[in-house]
Each structure stands twice: as structure tokens, then as C-alpha cells.
Amino acid sequence: MRKNVIAANWKMNKVLSEANQFADAVVDKVPADDNVEAIVCAPFPFLPALVEKTKGSPIKIGAQNMHFEENGAFTGEVSPVMLRDLGVTHVVIGHSERRAYFAETDETVNKKTHAAFNHVLTPIICVGETLEQREANETKDHIENQVRKALEGLTDEQTASVIIAYEPIWAIGTGKTASSEDANEVCTHIRSVLKEITSEDVAEKVIIQYGGSVKPANVDELLAQSDIDGALVGGASLEAESFFKLVEAG
Ligand code: PEP
């Protein structure tokens, strides 16, 4: 039985005082629950404070990106060693905004995924199709390609513990949600690809989230689907009350 993982992706929002207020508002509300995990993926400058404030609570703190190298001449970058040292547990890799605006490729996604495991961070790997790809009936091939490339070279044990976020690009921040059936169809396809790459046993363990305009009003229907095990949430994760409702739904 897989748990539901609700991950907030704050993107480039908030200032430190607002991040602290959010943590204060949710930290005592989110109970330890084997069936749901709550993660807050925040901008780098807030990570130390959030890790500190959520110590002893079941809330996990994630980054939204990182470099794949451990250190070196990469001005402006943040390494997996730095994240792990802070107490960060998760890292979003290959978000469509990073693929579109910051030249993230399937190759760098794969390198970052390996780097995450080398430093005991759980990768939340994002995949998703554009509207043009969906309309051209290319969704499944595109997603399969992204999943296969992201996971290349991982052991079965590592594959079993990745989190994959299926995020149709046309549904991110647009208010348009994929219907729960359409979202589930792609998530089921991802799981069948995982079965081919590894085994049924491993594929059944992998958490597959849906992301794209998820909010308290539509989360129940999405989570009721057979292959959707949580959500990666942007806009609706910024307010503590709304994030808490999403976690409660999990
Ligand atoms: C996201 O940032 O990954 C996302 C899905 O955003 P939103 O929930 O705002 O569509």
C-alpha cells in the first residue's frame, strides 16, 4: 500500500518572514501519519530556517533544484552536499520551468537524480507534456522517454524510492487541471514503463504524483485514482491553510 505524498512547490515566492509564518502555522497541525507525507520545497535562502522550525515534526523540507556536482567552480549553484548538510531530505528535479527557462535536459535530470541518491536525498522527478504534444497524441511516448532517461543507471532499490511527478505543462499555474481519469491514465502508463525497466514489485512501490493546478477543491478526486499517490502543488501550497487541507486530504 503506497502512501500519498503532498509536496508544496513554492517556486520563487515569499520572503523569509513569510516562510517562517507558514512553518509556524502548519508545524503543529500536520500529524505523524503513515499514509501521508508532507514536504515543503522552498527557495534556497529559506531552507535552514524551515529545517530548524520543522525539526521533530513529520514535515520534510525539499529544495527545488540543485547542481549534480559536489563542489567546484559553478558560480551561483547549490550542491547536493550543501543540501544534505542542512538537513534537507528531498529535491525537485527537472521541473518544466527549469527545463523551459534554465536549459535543464534529460541528461542533467539523470545526473542530478544519481547525485541525489549519492547524497541521501529523495528526488522528485518531474515529467510532463506540452499542449502541442498532447494534441498530437504524443503524450505517452514523450513521458515514457523522459522517465526512461531520468532513471537510466539506477539500481532497483533506488528506482523504488524515487518520486515521479506527472505534471502536464499546460496545467501548471493555468487553473486547467487534467481530468482525474486523464491524469491517472498517464500515471498508469508511467507505472507500466517502470515495470518494464525494473519489475512489478519495484514499480508498485514508486510514488507517482500528479501536479497541475491541484487545490483543495479537486484533490480528493485526483487522489482517489488508482495510480495517483499524491500531488506536487504550486499556487495552492503558498497559503498554510490551503496546504494543510491538501495534506489532510492525503
Ligand atoms: C508546480 O509548480 O509544480 C505546479 C503544479 O504548480 P500549480 O499547482 O500552481 O499548477
(request) Beta carbons within 10 angstrom, averaged per residue: use that to sort the peptides 2-11, 144-153, highest first. (result) 2-11, 144-153
(message) I want to check a number: in segment 1-132, how many lysine pairs have alpha carbons closer than 25 Å, given a sequence separation of 8 or more or different chains?
(response) 21
(request) Could you tell me which of Ala160, Met1, Pro43 has its Cα farthest along the dipole of the chain towards the positive end, charges placed at Cβ (Lys, Arg +1; Asp, Glu -1), taken about the Cα centre? (result) Pro43
(request) Treat each spin label as a single point 7 Å out from the Cα along the C-beta direction, and report the Thr174 to Glu204 distance in nm. (result) 3.6
(message) Which one, Val162, Val15, Val127, has the greatest fluctuation when you compute a Gaussian network model over the chain with C-alpha springs under 10 angstrom?
(response) Val15
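Mind running the shape call on the chain? Use the C-alpha gyration tensor, a ≥ b ≥ c as the square roots of the eigenvalues: rounded below 1.5 for a/c, prolate if a/b tops b/c, oblate otherwise.
On the way: a/c = 1.43, a/b = 1.14, b/c = 1.25.
Rounded shape, in that the Cα axes give a/c under 1.5.
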(request) Go through segment 198-211 residue by residue and turn each phi into a ³J(HN,Hα) via Karplus (6.51, -1.76, 1.60, θ = phi - 60°); whole Hz please, and just put x for glycine and proline. (result) 10, 8, 4, 4, 5, 4, 6, 8, 6, 7, 10, 9, 10, x
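About the Cα centre, and with charges only on the beta carbon of Lys, Arg (+1) and Asp, Glu (-1), how big is the dipole of segment 29-187? Nearest 20 debye, please.
Values: 14 positive and 25 negative charges, 131 e Å.
That gives segment 29-187 a dipole magnitude of about 620 debye.
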(request) Sticking with the crude label model, points 7 Å out along Cα→Cβ, report the distance from Glu107 to Ser242 in nm, one decimal please. (result) 3.8
(request) Would you work out which of Gly56, Ile125, Leu86 lies farthest towards the positive end of the dipole of segment 1-146? Charges go on Cβ: Lys and Arg +1, Asp and Glu -1. (result) Gly56
(request) Please give the contour-minus-distance gain from Val81 to Glu157: 0.36 nm per residue of separation, less the Cα-Cα distance, rounded to one decimal in nm. (result) 25.2 nm
(message) Suppose each label sits 7 Å from its Cα in the direction of the beta carbon; what would the Leu16-Asp28 distance come out to in nanometres?
(response) 2.4
(message) Test of understanding: in a Gaussian network model of the chain with alpha carbons linked when under 10 Å, which of Ala23, Ala224, Ala115 would top the mean-square fluctuation ranking?
(response) Ala224
(request) Hey, can you grab everything whose amide H is under 5 Å from the amide H of Asn65? Only 5+ residues off in sequence or another chain; H modelled, so Pro and N-termini drop out. (result) Val92
(message) At R0 = 22 Å, how high is the FRET efficiency between Ala49 and Glu70 if r is their beta carbon distance? Nearest 0.05 is fine.
(response) 0.35
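Values quoted throughout were computed directly from the atomic coordinates according to the rules given, and no laboratory measurement underlies them. Just so it is clear, the structure is predicted and the values come from calculations on it, not from any experiment. So basically every Cβ, Gly included, is an ideal-geometry build from the backbone, and we count neighbours across all protein chains shown.
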